Amino acid sequence: MSVSDYERVPEIGSAVLRPGLTDRLERMWETRPGIRGWFATVDHKRIGIRYIVTAFAFLIAGGLESLIFRLQLAGPNLRLLTPEQYDQLFTMHGMTMIFLYAGPVLTGFSNYLWPLLLGARDMALPRINALSYWIYVCAGIFLYAAFAAGFGPNDGWFNYVPYAARAYNGGPNVDFYALGMILLGISTTVGAVNFVVTFLRLRAPGMSIDRVPILAWGTLTASAANIFAIPAVSLAFFLLWLDRNAGTHFFDATTGGEALLWQHLFWMFGHPWVYAIVLPAMGMVSDGLPVFCRRPLVGYSMVALATVATMVLGFGVWVHHMFATGLPSVSLSFFSAASIIIAVPSAVGVFAWIATIWYGRPVFTTAFLFFASFIVLFTVGGVSGYMTGSLPVDWQLTDTYFIVAHIHYVLIGINVFPVAGAAYFWFPKITGRMLDERLGRWNFWTMFVGFNVGFFPMHLSGLLGMPRRVYTYADGMGWNGLNLITTLGSYVFAVGVLLLIINIVSSYRRGRPAGDNPWDSPTLEWATTSPPPPYNFAVIPTVASRHPLWEGRLGEPDTQQRSSLKAGFLLDHGRETLGTTALEAEPDLILKMPADSYTPVILAMSLTILFTGLVLHIGWLAVAGALAAAADTIAWTWPERSLGQTAGAADA
Amino acid sequence: MPEHVATPGPMAVGAIGTRASGWWAMIFMIFTEAALFGYLLFSYFYLAAQPHMPDTFPQGGSPSLRLALPNTGILLLSSAAVAWAQFGIERDRPVQLALGLGFGAVLGMLFLGIQVFEWWGQPFTLSSSSYGSLYFTVTGFHMAHVLAGVIILWALCAWSLLGLFNRVRYAHIHIGALYWHFVDAVWLAVFFTFYVTPRLS
Amino acid sequence: MGGMPDAGPSVDTLISVFDAAAPLNFLSGHGDRADPVVALTFGVLLVSVAVVAIITLLLGAAIWRRPGIAAQPPGTRLSLEPAAGGQRWIGIGVGVSAFVLLLSVLWTMQVLATVASPAAPAALTIEITGHQWWWQVRYLSDDPARAFVTANEISIPAGRPVRFRLIGADVIHSFWVPALFGKTDLIPGQINTTWLEARRPGVYSGQCTEYCGVEHAHMGFSVIALPEQEFTAWWDRQLRSPAESDAAPASAGNIAFTTHCGSCHAVRGTPSAGILGPDLSHLMTRRTLAAGTLPNDSANLVRFIADPQAAKPGSMMPRPDISARELADIRAYLATLN
C-alpha cells in the first residue's frame, strides 16, 4: 500500500490553458438524461429548483385556501362554508404556508445558491440533499391526500390538545397531520445537517468565516436551530399519535398527563421555527440589496452576529405563545422581558439596510423595490410583535386578529417579499434570462398595495376584539367593513402573486439574455455562466475578500490580495470538490462526490410507505416500508471505492 | 494567490477519519438525536413535577435495578468492544476490528433481550398511567436506537470481513462507533432519569 | 385606584358610542384592572406607530436624498460607491431602540405588579366551567344553600372585585371580557383563577378566545354589572325555583320539557336536572340564546329548539323529536322561567 493511493498533489490550472477540461468536467458532473436522471439526480441546482417550484405550488394551494375562506368572512353571518369546511381550510392554510412553503422555498434558494456562493462544486452531502427533497414532496402529498379525501387536519396549525385527542377528534385528520409532520421533519433535519456540514467544510479556499455571504449565515443559523428544535415537535406529534392510537396518557389530564406538555413541546420548536423561516430571507436581502446600492453592506459583522443572536435568543422565548395559560407570573414575566429584548438584534438589520441605501446609490430595479419595501413591512411586523411581548397587553391581543396581522406582516413581509426580490435577482443566474422589469413594476405594486390593504385592517379588527379562527361573526361588532376590505385586499394581493408567476413562466423562454453578471454583482455565483454548468466552476476559485468581483473598484490599496477566479484547483479526477478548514478555509483534503443514485428516492418512498401503513393501521405495509428503508440505507452506505471510503486508490 | 494555494503539497483524498463529510454529518445527527432524548426526558420531569397520587409516579415505586444495572454494564462493555475494534483497524489489525464489532453487536443484542424481559415483568403497561406511557416510550425510543446500532455494527462487521477498510480508510468504522458510543451515553441519561432520580427524593 | 379622570359627558359619550359599535374592543377600560393595561396598550401602540413612521421616513430619505439610477441593460458596469460610513448609525439606532425597549419592560413590570391582585378583597368567587360551546356559571357561597348554577350570563356587583375560578370540562377554552381585562384559559386538569372589576353598571361582552372546535365562533357570554342592591336582589331571585311561580305545575309544556329536555337541561326545583347543557332556570332573564348565537325572543327560541343545528351547526344539542304541538307547549313553558 503506497501513500500515493491516498494522497495526491492537486493540479492548479485554468480552463483557458487546459483544452478539454470543461468537456471532461461536464461529462463527469452532468445528470443522466431522461427519467433515470430525473429520479436519480444529486445536482444541487436541479434539487434547488425543484424545491422552489414545489414550494410555489404549495404557496398557491395555501393561497387558494385563504381566498375561499376570506369569502366566508367578507360579511357577517355568512354560510358559504360549513364550520367543518372552514376549520379544515384555515388549518390547511396555516400548515401549508408555514411548513410546506416558507421553510422549503428558502431551502430551495439556499440549495441552489450555496455551492455557487461558497465556490464549491456541490453541497457536502448530495444524496442527502436529494433525499430531503423527495421526503418533502412525499410528506406534502401525504398531508394533502388527507385533505382531498375529506379529513384534512382541522385543529389549527398548532393543533392543541385536548381538542386534538381522539375523544374530541375521532377521525383520522389529526393522525395524518401528526405522521405527516414527523415525515416532513426528517426532510428538514437531514437538510439542515447538510447545510451545516457544507458551511463548515466546503467553502472555497480563502473564504474565511468573515467573508461568507449573509445568506449563508442566515441559512446556517436556521439549520443549526432546526437540528435542535425539530425533535421537539416530532416528539410532540409522536406522543399525540400514541395517545390517539396506543392508549398512552401523555396529554390526558385525567390520567396523569398534561395538556400544557403539548404546548411546551410544540412552541419550543415553534418559536425557533418562525425565525428559521425568516433569517435566510433576511440574508437574501442583505446580499441582494447592496448590489442595488452599488456598495457593500454596512456593518457586515454586526449583521452576521445579530443573525446568530436572534436565533439563540429565539430559543428562550417560547412561553410567549402561552401567556394566557395561567403559568406562574414569575416565569411569565421573564419570558415577557425576553420577548421584548429580542427586538434588539432585529434592529441591527433594519439600520444596516437603511444605512446601506443611505450611503449607497439606489438602482431602481424591481428587486430593489421588493428589498427596500421589505424593510418597512419588517418594521410593522416587528413592532406588532413587540406589543405582544408586553404580558398584560398580550392578554388582550392574543388570539385576536391583531395576532393574525402580526404573523402575516412577518411571514409575508419577511419571507414572501424577499423571496420575490430574490426571484428577480437570481432568476437570471438560474435560467440565463431576465424577468421582465415592466411587468415587475406591476407585480410589485399589486403585491404591495394588495398586501397592505388586506392585512393592515386586521390590526384594527383585532383591537376591536375580533377573535381568531371563527368561521363567522355577528353583525354589529364593528368588524364588517374591516373584513370586507381585508377580503378585497387579499384578492388584489393574489393577483400580484399571479403576476410574479406569469413573469417567471413567460420570461423563462422569452426573457432578455442575461449573461454571466447582469447586475454587476460582487459574489462568486456571478463569476460563472448563466445558467451555471453542472460542475459550477471549471476551477475552484480562491477568495480574498467578501466581494471578489468588485475587487480593485472599491479603492482598496494595491497591495491587497486579490481573489483568483480563473486559475485554481482543477480537481478533475472524477467528481471532486475541495474540503477546507472551518474558520480560515484553508485547503484540507480532496473530497470525492457521489454520482447520480436511486437510493434517496427509494428511501423516501420506503419511509412514506411506512408512514402510510401507520396512519391507516395496516401493519404489514408499515413493516414492509421499514424493511425497505433499512435495506436501501445499507445499499446507500455500502463503502464505495470511488468515494474514497475503502482501502485502495479512489481516483479514476 | 496565497502560497499554499499556488504551490500545494500532497493532499489527502477521500473520506479520511474526522475530515470525512460523513463524520461531520454524524456529529450533527447525534446533536439532533440528543435533543430528541432531551425532550423525552423533559417530558418525564415535567409530568413527574405534577401532583400525583402516592405510588403512581413511578408506578409501583422506584423501578428495580436488578436487571437494569447489569444491563447498563453490558452496554458499557459493548462500547469498550467497539472502541477496541477501532484501535484494531488503526493498527492495521482487521481481525481485531471484526471481532470487536461482532462482540459489540452481540452484547447489544443481549442488552435488547434483557430489556424486553424486563419490560415483560413490569407491573404497569403503556396505557395504565402517564408513568407507564413514559417508561415504555422513552426506553422504547432508546431500544429502537440500539436496534439500529446493532444493525450498523453487523453491517460494519460484514464489511470488515470483506476487507474493505485499512488504517487510512475506515471512516465508516469511525462514524458507526461514534453513533454506538452516543447510544451508550444516552442510556446513561435514561437510566439516571428513570432508575436513579426516584431514589434521590 | 387607577383609571382615567372623568373628562365630562362628551368623552363618556364618545366611549359609549364606541363601545356600543364594537362591544369586544379593549381600547376603553372599564375597571380597576383594565385601566392600567389600556394605558400601557396605548403606550406601546404609540411607540410602534412612531417607530414605523421614523423608519419609513429614514428609508424614504435614504432612497431619495440623491438621484438614483434607473434599471440598466443586463451586464452594464455601474460605478461603485465608496465602502465607507454608516456603521455608527447602526450603533445609534440600536442604542435608542434598546433604551425604548428597556423602558417598555419596566412599564410592563409595573403594570403587572399593579394588576396582580385587587386592592380590596374579592366580593365573591364565581366558578366558570367551559364546555363545547357554552359557559357553566356556578356562584359559590359559604352558605351552601345560597350556591346556585346558571349559564352564559354572569351578573356581578359593580365597583367590587370578583374572583373567577376557571375550569375546562372538555377542551381548552379562554375566558375573555375585553372591557374588564385580558383573557385566561380554561384548561382541563388545572384550575386557573382571575379577577375582574367593573366600575359602572352595564353589560360587558365576553367571548371564548381559544379555538375549541366547530362552534368556537358561537361561544360568547356577558358580564352584567349591577348596583349592589340590585345584585343582591338578583341573587335571591336566582335561588327561587321557577316552579314556585308556575301556576300549573303539571302543564303540558312542563311535562314535555321534562321528557324531551330534562336529561340535558336543569330547571331549579323541578325534575329536570340534566347537566350536559346549560341550566335554564331563569332563561327569560337572558338576552341571548346558545351562548350569544341568537337574541332571546320568542321567534328565535322556537327556531332554535326546532332545529338547533341550523343556527349552530355542530353543537351538542340534537334536533328534538317533537311535534309542533309539543314545541308550542315547551315554548309556553319556557316563557314562565323568569
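Just so it is clear, none of the values below were taken in a lab; they were calculated from the coordinates. Only a predicted model underlies this, so the values are computations on that prediction, with no experimental measurement involved. Every residue, glycine as well, gets a Cβ built from its backbone with ideal geometry; the counts of neighbours run over all protein chains shown.
Volume per residue for segment C:125-239 equals 93 cubic angstrom (convex hull of Cα atoms). Working note: Karplus 6.51/-1.76/1.60 with θ = phi - 60° gives segment C:83-90 the couplings 8, 10, x, x, 5, 4, 5, 5 Hz, where Gly and Pro are set to x. Each part reduced to its alpha carbon centroid, segment A:1-75 and segment A:194-218 end up 18 Å apart. Of the Cα atoms belonging to segment A:1-140, the radius of gyration and Dmax stand at 22.9, 82 Å. For the residues of B:171-177, the average number of beta carbons from a partner chain within 10 Å of their own beta carbon is 2. Taking every DSSP helix (H) stretch of at least 4 residues in chain A, weighting each as -39,500 (n - 2.57) and dividing the sum by the residue count yields a mean residue ellipticity at 222 nm of -20000 deg cm²/dmol.
Each residue of chain A gets 165 Å³ once the volume of the Cα convex hull is shared out per residue. Projected label points at C:A310 and C:S117, each 7 Å from Cα along the beta carbon direction, are separated by 5.4 nanometres. A straight line joining the Cα centroids of segment C:174-218 and segment A:246-265 runs 24 Å.
Would you calculate a helix-derived [θ] at 222 nm for chain B, using -39,500 (n - 2.57) for each DSSP H run of n ≥ 4 and dividing by the full residue count, to the nearest 500?
-24000 deg cm²/dmol
Look at the stretch B:127-135: the mean tally of other chain Cβ atoms within 10 Å of its residues' Cβ atoms is 6. Size descriptors for segment A:33-89 (Cα atoms only): Rg and Dmax, in that order, 18.7, 56 Å. Normalised by the number of residues in chain A, the average gap of Cα pairs under 8 Å and 6 or more apart makes the relative contact order 20 percent.
Think of it as helices only: each DSSP H run of n ≥ 4 in chain C is worth -39500 (n - 2.57), and spread over all residues that comes to -11500 deg cm²/dmol at 222 nm.
Given R₀ = 60 Å, what would the calculated FRET efficiency be for A:V53 paired with C:A145, taking r from the Cβ atoms and rounding to 0.05?
The formula returns an efficiency of 0.25 here.
Bridge orientation summary for chain C: considering DSSP beta bridges with both residues in this region, about 70 percent are antiparallel.
The alpha-carbon of C:K312 sits under 30 angstrom from the alpha-carbons of these lysines, leaving out residues fewer than 8 places away in its chain: C:K183.
Mind jotting down the distance between the C-alpha centroids of segment A:489-539 and segment A:307-336, whole Å? Centre-to-centre (Cα) distance: 40 Å. The mean number of Cβ atoms from other chains found within 10 Å of a Cβ in peptide A:242-248 is 4, as a whole number. Evaluated with a Cβ-only charge set (Lys, Arg +1; Asp, Glu -1), segment C:125-239 carries a dipole of roughly 220 debye about its Cα centre, given to the nearest 20.
The translational diffusion coefficient of segment C:242-334, from Stokes-Einstein at 10 °C and 1.306 mPa s with a Kirkwood hydrodynamic radius over alpha carbon pairs, comes to 119 µm²/s. Once C-alpha pairs closer than 8 Å and six or more residues apart are averaged by separation and normalised to the residue number of chain B, the relative contact order reads 31 percent. Amide H contacts under 5 Å for A:A514: A:R433, A:M434, restricted to partners 5 or more places along the chain or on a different chain, H placed in the peptide plane at 1.01 Å from N.
Test of understanding: express the Cα radius of gyration of the protein assembly as shown as a ratio to 2.2 N^0.38 Å, with N the residue count.
Relative to the 2.2 N^0.38 Å estimate, the protein assembly as shown comes out at 1.01.
Dipole orientation for segment C:1-94: of the candidates C:P36, C:I92, C:P74, C:P74 has the Cα lying most toward the positive pole (charges on Cβ; Lys, Arg +1; Asp, Glu -1). Counting other Cβ atoms within 10 Å, keep those with at most 15, restrict to DSSP loop, and tell me which trypsin sites (Lys or Arg not before Pro) in segment C:36-92 are left. Counting only loop positions with at most 15 other Cβ atoms within 10 Å, the trypsin sites (Lys or Arg not before Pro) in segment C:36-92 are C:R65, C:R77.
May I ask you to derive the relative contact order of segment C:125-239, considering only C-alpha pairs under 8 Å and at least 6 residues apart, and to give it as an integer percent?
For segment C:125-239, the relative contact order is 28 percent.
For A:K592, a cut-off of 25 angstrom between C-alpha atoms picks up these lysines, skipping any fewer than 8 places away in its own chain: A:K45, A:K566. In order along segment B:180-195, phi translates into HN-Hα couplings of 5, 5, 4, 4, 4, 4, 4, 4, 4, 5, 5, 4, 4, 5, 7, 9 Hz, rounded to whole numbers, per the Karplus curve 6.51 cos²θ - 1.76 cosθ + 1.60 with θ = phi - 60° and x for Gly and Pro. Of all the options C:P295, C:P157, C:P178, the one that moves most in a Gaussian network model of chain C with Cα springs shorter than 10 angstrom is C:P295. Decide, for chain B, between rounded, prolate and oblate: order the square roots of the alpha carbon gyration tensor eigenvalues as a ≥ b ≥ c, take rounded if a/c falls under 1.5, and otherwise choose prolate if a/b is larger than b/c, else oblate. Prolate is the answer for chain B, as a/c is 1.5 or above and a/b outweighs b/c. Dipole check for the protein assembly as shown: with +1 at the C-beta of Lys and Arg, -1 at the C-beta of Asp and Glu, and the Cα centre as origin, the magnitude is about 2280 Debye.
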